[in-house]
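See below for the structure under consideration.
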Amino acid sequence: MDADHGSELERLRARAYGPNADIGGDPAAVARLRELEDLERMRTVPLEAEADPDVVADAPEADPEPEETEPEEAEPAPRRPLLRSRRRVWVAALAVAGVVALTSAATAAGVSVTAVDRTSGIAQTDTLTVDPDAELGSAGYLGFDPEQTRGFADYYGLTVFSGVSQIDSEGNQAECLIALDTSEVRDADSPRSAPRGIRVGGCGAGPFPASVEFIVTSSFPEPFRARYPVGTAMQFVLDDGDVGVFSADG
């Protein structure tokens with residue numbers, strides 16, 4: 001191998017195996033390094049047998065710079081790994097791990113739990129208790145189970161009922177509340193029909209209690225409007241057999 005090729009090989013080896021290896025990003029340099037290393041190996045392979053001195057003496061003078069050729073059957077020796085390529089793999093792996101960690105942290109931050117008080121600042125104004133004498137007649141149209149239906153005493157012209165009813169097409173059941181205009185609540189012997197006046201209701205789900213939220217309008221009974229003016233936000237919540245009454249305006 002001539003001096004120019006030797007110098008080029010040293011430079012390429014420094015880029016491949018030195019402390020500042022950077023050849024991994026230069027495919028042309030990698031190919032040239034392999035070509036020169038193969039050439040160097042072929043130049044340093046020892047002769048299989050000593051040449052006959054007489055034959056050597058009679059042989060014509062060798063060309064000082066013979067044409068560089070690669071034997072077709074020559075098998076290159078194993079090469080050292082390129083440090084730059086290995087380093088790239090580690091850098092890529094660390095980058096992926098970093099992205100996964102950041103994504104997980106962002107997801108965790110997005111679902112952090114903050115306590116929320118559903119009635120923060122809302123005053124409870126009354127508690128309704130069960131009235132054993134309350135007539136359940138027209139409440140039956142909701143599909144309440146008669147054995148699990150309770151009525152509450154008249155509350156400023158409204159009568160509240162609670163009962164168990166089917167809440168979806170899958171057959172799930174839950175406790176529900178309904179508030180009706182007392183003047184339209186009929187006794188048990190009267191035909192059941194949907195009330196024409198006030199009718200507000202809602203159901204719970206599993207451990208979540210049944211509740212009713214509404215805004216007082218001019219169609220509410222006059223006694224109720226006297227206690228809670230039109231526009232007042234109201235909530236009835238079923239709790240251990242009683243009904244809590246909440247008013248946004250106190």
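Grab the beta carbon distance between residue 129 and residue 174, set R0 = 22 Å, and tell me the FRET efficiency rounded to 0.05. With R0 = 22 Å, the Cβ-Cβ based efficiency is 0.55. Of the residues 182, 129, 149, the one with the largest accessible area comes first in the ranking 129, 182, 149, computed with a 1.4 Å probe on protein heavy atoms. Cβ-Cβ distance of residue 11 and residue 42, R₀ of 30 Å, FRET efficiency by 1/(1 + (r/R0)^6): the value works out to about 0.90. At 7 Å along Cα-to-Cβ for each site, give me the label-to-label distance between residue 217 and residue 35 in nm. The two pseudo-label positions are separated by 8.8 nm.
The values are calculated or read from the model by the stated rules, or taken from the named source; none is laboratory data. Model, not experiment: these values are computed from the prediction. For neighbour counting, all protein chains shown are included, and Cβ atoms are generated from backbone atoms with ideal geometry for every residue, glycine included. All accessible areas refer to the heavy atoms of the entire protein, side chains included, with ligands and DNA or RNA removed. Shrake-Rupley method; radii C 1.70, N 1.55, O 1.52, S 1.80 Å.
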